[in-house]
Number of protein chains: 2
Amino acid sequence: MNSYSGHSGLLTDLYQLTMAAGYIETGFDARATFELFVRNLPPRRSYLAAAGLEQALDYLQNVRFTADEIAYLQRHPAFRNISAQFFDYLAQFRFAGDVWAMLEGTMFFPGEPLLRVTAPITQAQIVETYLLATLNFQTLIASKAARVVTAARGRNVIEFGTRRAHGIESGVLAARAAYIGGCQGTSNVMAGHRFGIPTFGTQAHSWIMAHHEEEEAFRKFLEIFPDHAVLLVDTYDVRAAVEKIIAMGRKPRGVRLDSGDLAADSVWVRRRLDEVGWNDVEIFASGDLDEDRIEALLAGGARIDGFGVGTALSTSADAPALGVIYKLVELERGGEVHNAAKLSRAKITYPGRKQVYRFAGAGGKFSEDIIALEEERFPEAEALLVPVLRAGQRVLPATDLGEARRRCLEGLDRLPERVVDPRTGDAAAYPVRYSSRLDALLDEVRRRVERAARI
Amino acid sequence: MNSYSGHSGLLTDLYQLTMAAGYIETGFDARATFELFVRNLPPRRSYLAAAGLEQALDYLQNVRFTADEIAYLQRHPAFRNISAQFFDYLAQFRFAGDVWAMLEGTMFFPGEPLLRVTAPITQAQIVETYLLATLNFQTLIASKAARVVTAARGRNVIEFGTRRAHGIESGVLAARAAYIGGCQGTSNVMAGHRFGIPTFGTQAHSWIMAHHEEEEAFRKFLEIFPDHAVLLVDTYDVRAAVEKIIAMGRKPRGVRLDSGDLAADSVWVRRRLDEVGWNDVEIFASGDLDEDRIEALLAGGARIDGFGVGTALSTSADAPALGVIYKLVELERGGEVHNAAKLSRAKITYPGRKQVYRFAGAGGKFSEDIIALEEERFPEAEALLVPVLRAGQRVLPATDLGEARRRCLEGLDRLPERVVDPRTGDAAAYPVRYSSRLDALLDEVRRRVERAARI
């Protein structure tokens, strides 16, 4: 069955459940803080746009193990020696932790926690996989969309990539994330229905090919969709198709070019449309577009009003994975607080609960981020992590997608040009540093671990 | 809400529904055949392994438009002038077409239809997007998995990539596809529950870090999981960790290396384990692995028994999209049959309903594929497309995943070595050609379209 609950406790890696069994069986009682962040930017990325929080919170509030799911685990060889106590725990399982997170559409950088979970360690562990998969993916797509939208310099970008997405549900979520990243809308109807995103699209080559004559295909479509018809003109010959439409004397809303020399064709089509006074008929382009091709088309003088972008957007094809990780940074056990830091060769994780402070300079431009301990205070800066769940209860209203999209577009505007422009894409042009207290804490933890290793 | 029905008619692109409205409104009554195939292989791919059919068929049998979904479309500006007839059509919508497809795990090549739909054109159009997204993705992952499994030369490969997949549901389906592609199992528990795939995994760095001493973390885990504990030894220092385990005198099932010099560490660990007579303790490796790193590790003498592969498998990171397309190849209307072919610049689609015939030579090795018209007969060859739905009713039993996996592994065995070896990856080493009747039909359609264009 393709239908499923997105709240199942089994939507996780097996080791989360074996570790959970381990904590329950040994009576290991601790409150852990995990932070979710990236160590490095993917290739060709100079910033990231946060997305996916709404789906993450919906999961955290509703994650459950059904009787059937627990029975599956009881039959699993890994749990052969596990007592009933653990399965009872799963039957009662609720996520009751505190969560702080960046709002969707917020721009962020490596090392900055996108989300922070403080909860009984077993709970914090079970939810890891879902949180990573959810925030990872939508952030990846929103960040790619922001690049494409920047390259389009104010022209509309519509997400067209469901068919090339990583499964149908991935297509729906990609449409959501692309909208946060600044797209005008999507072709995905479910994304329109579920999230209220504007949806676009009119006809495919098959409509043209199914009719005996291209002209008949255009005429019928214009009759049925007098206000919305964007006619696809490249099935046989772009210029012949445009001449047929002009000869019919019936003005479409727009025309779409999906192949061929988009720059030259768009210039020719614009001139012909203008010659007959159809200055408001839009030219829409699609077909393996991405930020580089859009940039090149516009630099080459293409007369295109809107872009339909598919595969590049729905899969972030040039950088299809984001190394989001979830690291233990603090452990409270028996009244003591331990700062945890992983010190395994070359992979340093700063310990302690963190906050990200963003400073703005003259003209409202962002000037610097400081990653600090939660209790540090920088009154002149904006604190990017806000409380979203307290003891498992939601304290943040549902994401307003339009607001998330504006936040992202505003971020593009307030970051330095050299960071945001896909041609320069210079992450180093925006300073992000750790507070001196965090650096001192890391040194302290490092010394403690080295001492322990010598024993 | 994260829960959803994977059978909604809204899981499609808007233009499928505007074209559907167009066909209904104009009383365009035709039976269309669409074929789903790829024009080209993605970078570094020399064959593809079919996957995703089960989810595609489940959708085709169950796709519906709910009242709520139809009300959404009625409010949509694109459908402002559309009559009640169309919305009534959607309320009654059932897919009642015929479908032929390649069984999951079948190896295939560019130009070969992976699936063929013959149905009233409106139905065939509405289901396009879902079919593409579903077959596209799972085929992409199964094909990547087959490369990784080949590189591992008989050692186990476990799919570990849910956290980096394109959303949580994508992670579940990636696990399924990776299993078809030859993996031994997955870390994804839902994939185990839903599809019966073996699941693996024991502990993460956080388990080690949460305990005061690494030794305590190991000891507790061994007590709870005496038969299944694979201990993670790279949190602080691999060799020190292995010495601690040996000193405890309690044999784990295996150890896992997740960072550092996997080749050198595995050789050292193997020697130490063998010295104490623990020859059956397995060494498992993970951490940004793919077919290239596995190949290099084994070539470099690494002593690794199993590989956990994450991002590379769940996202097919080096080639994250598959250009699966769905093209109109035939139209029956008013008793006449028209062969359709798209002749727009450089994108040729062969017309007519096709079948793929696979020939085998001495020793059972595959020798050649011929893409032919359905009615052509090659008795000595295997016909790869089999009937799966007749008038919307399933005629194929549910996919047996184990059988699909064996079919893929057998395909790897029967294709030429130069095609299958990831180091050579030479697609040209396997001949695929069109039948002479298909070539003749293409010429005929080409001449007809050129005549029509001159009129």
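A:G22 - would you say it is facing chain B (nearest Cβ under 7 Å) and within 20 Å of the chain's Cα centre (by Cα)? Spelling it out, it is not the case that A:G22 is facing chain B (nearest Cβ under 7 Å) and within 20 Å of the chain's Cα centre (by Cα).
Let's see how each residue does on (1) polar (S, T, N, Q); (2) more than 30 Å from the chain's Cα centre (by Cα); (3) in a helix (DSSP H, G or I):
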{"residue": "A:D413", "(1), (2), (3)": "no, no, yes"}
{"residue": "A:R418", "(1), (2), (3)": "no, no, yes"}
{"residue": "A:P422", "(1), (2), (3)": "no, no, no"}
{"residue": "A:A428", "(1), (2), (3)": "no, no, yes"}
{"residue": "A:R433", "(1), (2), (3)": "no, no, no"}
{"residue": "A:L441", "(1), (2), (3)": "no, yes, yes"}
{"residue": "A:V445", "(1), (2), (3)": "no, yes, yes"}
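Let me confirm something: among B:L14, B:L36, which residue is at the interface with chain A (Cβ under 7 Å from one of its Cβ atoms) and either in contact with a strand residue (DSSP E or B) (Cβ under 7 Å, 6 or more places away or on another chain) or among the basic types (K, R) (or both)? Before the answer, list the steps.
On the way: B:L36 fails: at the interface with chain A (Cβ under 7 Å from one of its Cβ atoms).
Answer to the selection: B:L14.
Go through (1) surrounded by fewer than 24 Cβ atoms within 10 Å (Cβ to Cβ); (2) facing chain A (nearest Cβ under 7 Å); (3) closer than 15 Å to B:A124 by Cβ; (4) among the small types (G, A, S) one by one and return the number of the condition B:A78 breaks. Unmet for B:A78, out of (1) surrounded by fewer than 24 Cβ atoms within 10 Å (Cβ to Cβ); (2) facing chain A (nearest Cβ under 7 Å); (3) closer than 15 Å to B:A124 by Cβ; (4) among the small types (G, A, S): (3). For segment B:1-41, taking the residues that are part of a helix (DSSP H, G or I) and small (G, A, S), the one that is farthest from A:I224 (Cα to Cα) is identified as B:A20.
Total residues in segment A:161-170 satisfying the condition of being more than 16 Å from the chain's Cα centre (by Cα) and more than 7 Å from chain B (Cβ to nearest Cβ): the figure is 0.
Pick out the one residue from B:K251, B:K220, B:K244 that is modelled with pLDDT of 95 or more, touching a helix residue (DSSP H, G or I) at 6+ places or on another chain (Cβ under 6 Å), basic (K, R) and not assigned by TED's automatic domain parsing to the domain that holds B:R406.
On the way: B:K251 fails: touching a helix residue (DSSP H, G or I) at 6+ places or on another chain (Cβ under 6 Å); B:K220 fails: touching a helix residue (DSSP H, G or I) at 6+ places or on another chain (Cβ under 6 Å).
On inspection, the qualifying residue turns out to be B:K244.
Note on segment B:290-316: residues that are surrounded by fewer than 17 Cβ atoms within 10 Å (Cβ to Cβ) and either on the phi > 0 side of the Ramachandran plot or within 14 Å of another protein chain (Cβ to nearest Cβ) (or both) total 1. Of the strands (runs of 3 or more DSSP E) that lie entirely inside segment A:53-163, those containing 2 or more residues that are in the same structural domain as A:G392 (by TED's automatic domain parsing) span A:98-102, A:115-120. Please work out if B:Q203 is in contact with a strand residue (DSSP E or B) (Cβ under 9 Å, 6 or more places away or on another chain) and facing chain A (nearest Cβ under 8 Å). Yes: the conditions hold for B:Q203.
Give the residue that is surrounded by the most Cβ atoms within 10 Å (Cβ to Cβ), with candidates limited to residues of segment A:378-408 that are in a loop (DSSP other than H, G, I, E, B) and touching a helix residue (DSSP H, G or I) at 6+ places or on another chain (Cβ under 8 Å). Write out each step before concluding.
Residues of segment A:378-408 in a loop (DSSP other than H, G, I, E, B): A:378-381, A:384, A:391-392, A:395-400.
From what is left, the residues that are touching a helix residue (DSSP H, G or I) at 6+ places or on another chain (Cβ under 8 Å) are A:392, A:396, A:398-399.
Details: A:G392: 16, A:L396: 17, A:A398: 9, A:T399: 20.
So the residue we want is A:T399.
Out of contact with any strand residue (DSSP E or B) (no Cβ under 7 Å at 6 or more places or on another chain) and either of a type in the set (F, W, Y) or within 29 Å of B:G171 (Cα to Cα) (or both), is that true of B:D292?
Details: out of contact with any strand residue (DSSP E or B) (no Cβ under 7 Å at 6 or more places or on another chain): yes; either of a type in the set (F, W, Y) or within 29 Å of B:G171 (Cα to Cα) (or both): yes.
Yes.
Has segment A:110-123 got any residue that is at the interface with chain B (Cβ under 10 Å from one of its Cβ atoms) and over 16 Å from the mean Cα position of the chain (by Cα)?
Yes, there is a match, as at least one residue in segment A:110-123 is at the interface with chain B (Cβ under 10 Å from one of its Cβ atoms) and over 16 Å from the mean Cα position of the chain (by Cα).
The values are calculated or read from the model by the stated rules, or taken from the named source; none is laboratory data. The structure presented is a predicted model; accordingly, all values stated were derived computationally and were not measured. Glycine gets a Cβ as well: all are built from the backbone with ideal geometry, and neighbour counts include every protein chain shown.
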